[in-house]
């Protein structure tokens, strides 16, 4: 009987990547002109999870010029929404927990099989 540990480990890595991308977005929430990154998990040809990171080019809110600056120098704020990123981080955390539990269950199953045959 073949137990695939790789899929759970790849799922943990994918969830950590999603968490890293969200953390980077939150870290840059006050950086002018920053465009948030979006991490999405997809299956590869073998059915294992892979993460695709793209840049969301939606414009942020335009920041009015500061007194004393030229009016043409208006800047754009980042397009990061903290509430959305918090939800993405929670979802990534649940993904890690689910894959760790699956990995533990696979290990327990393998240990039981070894006990039966040995």
Query raised in the report: Counting just the residues of the range 75-118 that are assigned to a helix (DSSP H, G or I), farther than 22 Å from residue 40 by Cβ and within 25 Å of the chain's Cα centre (by Cα), which one comes out modelled with the lowest pLDDT?
Result: 106
Query raised in the report: Of all residues in the range 51-64, how many are part of a strand (DSSP E or B) and either surrounded by 16 or more Cβ atoms within 10 Å (Cβ to Cβ) or out of contact with any helix residue (DSSP H, G or I) (no Cβ under 9 Å at 6 or more places or on another chain) (or both)?
Result: 6
Report task. Determine, yes or no, whether residue 99 is surrounded by 15 or more Cβ atoms within 10 Å (Cβ to Cβ), closer than 21 Å to residue 5 by Cβ, touching a helix residue (DSSP H, G or I) at 6+ places or on another chain (Cβ under 6 Å) and touching a residue at least 40 places away in the same chain (Cβ under 8 Å). Result -> yes
**Report entry** Test: residue 29 is surrounded by 13 or more Cβ atoms within 10 Å (Cβ to Cβ) and modelled with pLDDT of 90 or more
**Finding:** yes
Query - Single residue of the range 22-50 satisfying the filter (touching a residue at least 40 places away in the same chain (Cβ under 8 Å) and part of a helix (DSSP H, G or I)) that is farthest from the chain's Cα centre (by Cα) - result: 26
Requested in this report: For the range 9-18, state whether one or more residues are free of Cβ contacts under 8 Å to residues at least 40 places away in the same chain, more than 27 Å from residue 103 (Cα to Cα) and either touching a strand residue (DSSP E or B) at 6+ places or on another chain (Cβ under 8 Å) or surrounded by 11 or more Cβ atoms within 10 Å (Cβ to Cβ) (or both).
Outcome: no
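The values are calculated or read from the model by the stated rules, or taken from the named source; none is laboratory data. Bear in mind that the values here come from a model prediction, so they are computed numbers and not experimental data. In this analysis, Cβ positions are derived from the backbone assuming ideal geometry, glycine residues included, and neighbour counts consider all displayed protein chains.
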